[in-house]
Structures are given as C-alpha cells and as structure tokens.
Amino acid sequence: MVDIPKLVLNTGLQFLRSPAGPIDWKQVAQNAANIGDAERRTYEEKRRLLPTYETFVREPTPQIIELTGFHAPSVRDVRVFDRYDWINTNITAFKDQLAPLENALGTQERGSLISKGVYKSNQVISTVGLGLLLGYLAKKVLGQYDPSLFGREIVSGQIYFVEPNIEMVERQLSFSRDDFRRWIAIHEVTHAVVFESVPWLKDHLNQLLKRYLEATNEGLTSEGLQSRARAVASHYAQQRQLSLMHAALSREQIGLINQIQALMSVIEGYSDFVMDRIGKEMLATYEYMKREFELRRRRKSGREMLFERTTGLGLKMEQYVLGERFVSHIAASRGIDFVNRVWRSPHDVPTLDEVAQPEKWITRQENAT
C-alpha cells in the first residue's frame, strides 16, 4: 500500500534538502517505489521466466512481417522486470531527456533571492511530480518497447515485460496465462518491427522531443514569459475565455505536442491493429481477453480519471483509441498497403485533425499521388 504520511513528509523535507541538480532523482525513485507499491522479485524468478518471454517475442514475428510487409526487428534484449526495474530504467531515460531542461533551470540557483525561491519550488514540484507519474505508471505498464531514443546512441531497442502487473491483470480478469502474455508480446514486437523498419522514425521522434525541450528552455526566459502572457491575452480577446494551455505553453510547444501526439497515436494504433488481427488467429481466448480488457479500461475510478486528465496521461489513452480507429478505418477501405503510407516520410504522418478524421488524410494522400 502507498505510505501517504511518508510521501507527505518527503515532500515537506524536499524544501530542506540540497540535491545536486534541479531534480532530486534519488527522491524521485523513492517516491515512485512508494506510490507504485514496488516489491523486489529475485533474479532467479525473473531469469526463470525469460525463456518463455523470448519465445513469445519470437513466435508472432513471421505473422507480423507477413501482415505489415516490413522486415524482422533486431531486438537487442528481452527483459523481465519488477516495478523497481521499470522505475529505475525509466528514470535513466528521463535523466537523458531532461538534461537540457535541468541545465536551464540550474541558472536560477545562482540568481537573486527570488530566483533561488523559484528554483527551489521548481525542484520540489519536479521531484514530487515525476515520482507521482512514474509510481502511477509502474503499476499500470504491462509491456514496453524501448527504442533507445533521446540522448543515447540510436540502436536496436529492448522489450520489457513488467511481470507483477501482468500477473495482477491476469488474476483479476481470469485470463489464460500464456495467451495474455502472447497478446502483449504481439503489441510490443509490432512496435519493434515499425521502429526498426522505418529509417526516419527514431530520429524524427527524437528531434520533436528535443525541439519541445528547447522550446521549454526558451519559455523560462523573461521574453518567453512575456510571449505567453500576450498569447493568453490574445486568446481571451478572441474567445472570451482564459486558456491554461496558452498560459503554460508557447505556441511552438502546443504545435510540437500536437505533432508528437499525432505520431504516437499512429504508432500505438498500428500496433493495436496488428495485435488484434494476429491475436484472432493465434490465441484461442482472444475474444474474451479483448472484451474484458476494454471493459477494464472503461471501469476506471473517478480518482484515476482525474489523475490522468491533470497529468496528461489521458492523452496517452486517447492515442490508443484514436490511433486504432484511424488505422482500422483506412485498412478497411484502402488496405494495409495504403495504411503503410504513414511510414513513407514525416510529411506523410497525419495531423491530429486527420487522425480524428481519417478521410481527410486519405484525400491528402490521393491528391499527392
């Protein structure tokens, strides 16, 4: 169970600590482990499961290749994780991603007394916020394909299976042990197939993320704050309502978020589409799992839905729904080869508006040929 008093105490003590950097990564890990109810699995337990997962990754690859027309992925590693493993691995990735932002925030510590106060407040908010986010996700993620993006050498990725979460869902929904794990594996292997087959995809997503963080750095300057204030005023003058998005983000950041969300919607939707097509062929309990899993997604508590809306995780859930609807619509009307046009170049990726209205993307593609 989450130790709420301990979390509140750590948040208060965060104001007194002096970590080396704008984010206290050690405290992020501790808070995430507390919120995520993380328990250690022994090395022997995880090693014993590894051959089974390696088989489940290898088995559907020929069917995925046949359906998509892509080549086999060169997955570097398959790993069985507990929640601690998942938290620590993703903290390493976050450190790489947020390093430029940390450098920008670090300049506040050497400024005026007000700047130092802002620095400490940002430090506490960032540390507590990231701990909450990672702790929440540590209890939810079943599998993850890591394409080794951002700040690291772009190489073949890894697939992680978070065994405690898989066991929990399997038990709650009375799923077939092997069928459920195979179903998850199909989704993650499809990610690997796409990322390893589309030559521009990793670098393009990497650049979008970098540009977003660079824009965030610029937003911390006085000029950036003034620009956002003007955007809020302009939006209010036009719409007669205040916009929290315009207050928190610049126009460039909003545009980049839309591009990232559109791309991720297609990536997730494509994998869901392939997972369902192949799942029907390979898994005897597919229909039951599909039905129960969708019901589980809709049975979230009000507290969960509020947390996802306030943290932006609701956008992630929308990516699965909108993306699969987009891919399924185009596959049904034009076939999988037409769907695969999204992978020809960054210009062929649909906009967020086109993801919601696939016929607009189809029209753009037909006019371009």
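The length gained on full extension between D276 and R364, counted as 0.36 nm times the residue separation minus their Cα-Cα distance, comes to 28.9 nm. Ordered by 1.4 Å accessible area with all protein chains kept, H71, H191, H329, H347 run largest first as H347, H71, H329, H191. For R48 and E292, a Förster radius of 25 Å and the Cβ-Cβ distance give a FRET efficiency of 0.35, rounded to the nearest 0.05.
Between L352 and I65, the modelled label-to-label distance comes to 3.8 nm, taking each label 7 Å out from Cα in the direction of the beta carbon.
With R₀ set to 25 Å, the beta-carbon distance separating Y320 from R251 gives a calculated FRET efficiency near 0.35. For E170, neighbours were defined as the other residues whose beta-carbon sits under 9 Å from its Cβ, and their charges (Lys and Arg +1, Asp and Glu -1) total +2. The calculated FRET efficiency for R344 paired with K95, based on their beta-carbon distance and R0 = 30 Å, is about 0.35.
The values are calculated or read from the model by the stated rules, or taken from the named source; none is laboratory data. Small disclaimer: the values here were computed from a predicted structure and weren't measured. Heads up, the Cβs are rebuilt from the backbone with ideal geometry, glycines too, and the neighbour counts pull from every protein chain shown. Accessible surface is based on the protein model in full, side chains and every heavy atom, while ligands, DNA and RNA are left aside. Shrake-Rupley method; radii C 1.70, N 1.55, O 1.52, S 1.80 Å.
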